[in-house]
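Shown next, in structure tokens, is the structure this report addresses.
The values are calculated or read from the model by the stated rules, or taken from the named source; none is laboratory data. Only a predicted model underlies this, so the values are computations on that prediction, with no experimental measurement involved. Here the Cβ is made from the backbone with ideal geometry for all residues, glycine too, and neighbour counts use every protein chain on show. Only protein heavy atoms, including side chains, enter the accessible area calculation; ligands, DNA and RNA are left aside. Shrake-Rupley method; radii C 1.70, N 1.55, O 1.52, S 1.80 Å.
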Amino acid sequence: MTIKMLSYFILLTIMTSCSLPGAEPASPTQNSLPPTPNIPPVSSTGAPTMSGPADILLLNGTILTMDESNPAAQAIAIRGDTILAVGSDSEISNLQDARTQVIDLNGSTLMPGFMDAHNHTFNERLLNGQDPLPDQQTTIQFGITTEAEFFVDESILNKLKALAEAGNLRMRVNAYLLYTNNCGEIIGDWWKAYQPNQQIAPNLYIRGIKIFSDGGSCKAPAMSVDYPGGGKGDLFFTQDQLNQIVAEVQAAGFQAAIHALGDRALEQAQNAIAFALNGQPNTYRHRIEHNATIRPELLPRYSEIGIVPVIFGAYSTCIRTTDESKNFKYILGEEYGAWDWPWRALVDANPGLPIAWQSDYPIFPTNNPLYHLWGMVTRKEVNTDGSICDPPDWVKVGALHVEEALPMMTRNSAYALFFEDEVGTLEAGKFADLVILNDNPLQVESDSLKDISVLMTMIGGNVEYCATGFESLCPSASPSDVGADSPVATASASLSDSPASNAIDGNLETVWNSGAEPEQWIQIDLGNPTTVSAIRLHVAQSPEGETTHQVWLGADANNLTLIHEFRGPTNDSGILEFILPSPITNVQFIKIVTIQSPSWVAWREIEIK
Ligand SMILES: [Zn+2]
């Protein structure tokens, strides 16, 4: 994509050696965050602008912000991809001007988009050579706006990156890079080529490192007691080995995300995190995935060590209550019921700890967050024949309240993904990632939670899903997009098969090529006055070498201002980025002038936010 909003600029870190070899930092004011221990490695965009006008107002609603300092509101204002303000109808109405779209929510419930802290939505399809995009569509329809991929090796990462660069990632996708496979075999240190919290493509982020410590999909979860069929399951490492692995991940500045299903694995994972942290606060936000079997004495250790637990939603009650359980060798009996997904006890033993939700879809059959919410609150499950399995008392004791589960599915998952400055609550300055529901989960009978449906999903201010029949709740494309003339590119020279329009067509494969040595220029007419906050250039160049490129912009093509000069070694497919110290309004023309290059002057793509 080109002259559209580029929300991924919001969390921009300086491109590292792989994409921007030696180019000068864009600006001394740009966020530049090497992975420094003890500093949470997330940047935010700074203070939000609170003044109007807004592009979109959503009024007269029941807004669950998930922001503890301002939990309930009536209305929300959005500009571009960002929340401008959240408040009462009268406060928010002040942010209106003639261009603002005003939506009457008519009392509907609006809340942050759901955040799934651990799943396999894309990676499972990509591993199997299938198209993941239909699953993405369903996921968005379910109201999930951010998710995390938990089985990402180099090949999957490259496939995700290709999807992202083609503009096909419509959700925010966080990649957890594999240290081991699911059988505990170490894959190598390929992940060290990346940085924690690095954004590598639109909507695609590198987060932490995934380590399998016990069985599950390969072999069996490691228990401290015998399975009914014999054996205690499989640990993949000794305590010392896992200690060293977590320490290595931490030394590289990364969050460790350790798969631990059985209580013996869980204890080992807790020990390894405690070893690596050595008494320091868990600024790396090391996480333990699944936590399926927690021996009671291990419950308070999450808070003591500072570990982020990531837990399942809908419980597999049917297996526990039917004869089917006899077919599963690795299910413990009722006598260990208190250890099994004990979310009630986990919350009670760790007040204030951010516990995050995972669907683990498609390992588990659905990622519908309202179904998972229902499962966490009722511990019921819909059986394959459509009947409902009621939990026996020893299962029911693990149930949570809606008020506890919803933060896990939004702001706590944001925390687990180092994303809480951008998403997870509805607050001014965060991305406009939100859903409208047909009922209020805080008001309905718990049995009805699974029947709540999503009427609209918005990601970064764009409506990504609108339920049929509810179009009146769904803003159309933002006013700055509507009625804007299409951008037009012109250039000092072009090869006949490489016109200037190739630099703004959203395709990195097609190139504008001047067919000439410097000095050459390309100019983009945005079609109408626009606020510009960042520019990204995709290099087309052969041979590689020293280049100098100037960025000029302004309202009048004959009176442009030089705002930046890139100078340094560049190579083909590299990326040059510049974030303006503050956004410039009323820009219609942007001109890139290449002063120096060993190559014919050319660009793959010019992106403007
Ligand atoms: Zn998983």
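Between the C-alpha center of the stretch 114-168 and that of the stretch 342-413 there is a gap of 23 Å. In a fully extended conformation the segment linking ASP439 and GLU404 would gain 10.8 nm over its present Cα-Cα distance, using 0.36 nm per residue.
Largest accessible area first, the listed residues LEU346, LEU353, LEU562 line up as LEU562, LEU353, LEU346 when surface is computed with a 1.4 Å probe on the assembled protein chains.
Taking a ≥ b ≥ c as the square roots of the eigenvalues of the alpha-carbon gyration tensor, the stretch 138-274 is classed prolate because a/c is 1.5 or more and a/b outweighs b/c. Between GLU304 and GLU519, the contour length at 0.36 nm per residue exceeds the Cα-Cα span by 71.2 nm. Heavy-atom accessible surface of LEU299, to the nearest 10 Å², is about 20 Å², with a 1.4 Å probe and all protein chains retained. What chymotrypsin sites (Phe, Trp or Tyr not before Pro) does the stretch 264-363 have in DSSP loop regions with at most 15 other beta carbons within 10 Å? Passing both the DSSP loop test and the Cβ count: PHE328. Which one of ASN168, LEU261, MET458 has its Cα pushed farthest toward the positive end of the charge dipole of the chain, where Lys and Arg give +1 and Asp and Glu give -1 at the Cβ? Sorting the options by dipole projection puts first LEU261.
Sum -39500 (n - 2.57) across every DSSP H segment of at least 4 residues in the chain, then divide by the residue count to get the 222 nm mean residue ellipticity, nearest 500.
-4500 deg cm²/dmol, from helical runs alone.
The ellipsoid that matches the Cα gyration tensor of the stretch 118-409 has semi-axes, each √(5λ) in whole angstrom, of 28, 24, 18, with the longest given first. Heavy-atom accessible surface of the chain, averaged per residue, reaches 38 Å², computed with a 1.4 Å probe. Modelled label positions at GLN141 and ASN559, each set 7 Å beyond Cα in the direction of Cβ, lie 5.3 nm from each other. Label the stretch 485-608 by shape, choosing from rounded, prolate and oblate, from the square roots a ≥ b ≥ c of the eigenvalues of the Cα gyration tensor; if a/c is under 1.5 it is rounded, and otherwise prolate applies when a/b is larger than b/c, oblate when it is not. Note, shape of the stretch 485-608 comes out prolate. Of the listed pairs LYS430/LYS609; LYS161/LYS430; LYS210/LYS609, which have alpha-carbon separations greater than 27 Å here? Pairs exceeding the cut-off: LYS210/LYS609. For the set GLU124, GLU335, the ranking by accessible area, highest first and with no ligand, DNA or RNA atoms included, is GLU335, GLU124 under a 1.4 Å probe. Computed over the alpha carbons of the chain, Rg followed by Dmax gives 25.4, 81 Å.
Keeping every protein chain in place, order LYS396, LYS450, LYS210, LYS232 by accessible area at 1.4 Å, biggest value first, i.e. largest first.
LYS396, LYS232, LYS450, LYS210
Bridging of LYS450 to aspartates and glutamates at a Cα separation below 16 Å is possible for GLU381, ASP390, GLU403, ASP439, once same-chain residues fewer than 8 apart are set aside. For the chain, the Cβ-based charge dipole about the Cα centre amounts to some 580 debye (Lys, Arg positive; Asp, Glu negative; other atoms uncharged).
Here the chain has 49 percent of its accessible surface on carbon and sulfur atoms, given a 1.4 Å probe and all protein chains in place. At the residue level, ARG285 shows approximately 20 square angstrom of accessible surface with a 1.4 angstrom probe and all protein chains present.
With the whole protein complex present, SER498 retains an accessible surface near 20 Å², based on a 1.4 Å probe.
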